[in-house]
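Structure first, then comments.
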Amino acid sequence: MRINLSDQAVILEVENSGPGIPSDERERIFERFYRLEWGMVRALELPSCETSPMPIFS
């Protein structure tokens, strides 16, 4: 996990060695309790994202 600060944004980077998130599902990773059909959890439960005044991208 890395956090980078700039004048206009806070960038949070999370990296792992797993199989990855399919590109067509990446926009959904901030949905609470989101799961792929085969059951592996792919959600980032980040309540602070809901109150952030800055846009959040995946």
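The values are calculated or read from the model by the stated rules, or taken from the named source; none is laboratory data. Since the structure is predicted, the reported quantities are computational estimates derived from the model, not experimental observations. For neighbour counting, all protein chains shown are included, and Cβ atoms are generated from backbone atoms with ideal geometry for every residue, glycine included.
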When restricted to P47, P53, the only residue loosely packed, with under 10 Cβ neighbours inside 10 Å and at pLDDT 65 or above is P53
Flag for G39 being modelled with pLDDT of 65 or more and not basic (K, R):
no
Taking the residues in segment 1-36 that are in a loop (DSSP other than H, G, I, E, B) and among the aliphatic types (A, V, I, L, M) as candidates, determine which candidate is modelled with the highest pLDDT.
A9
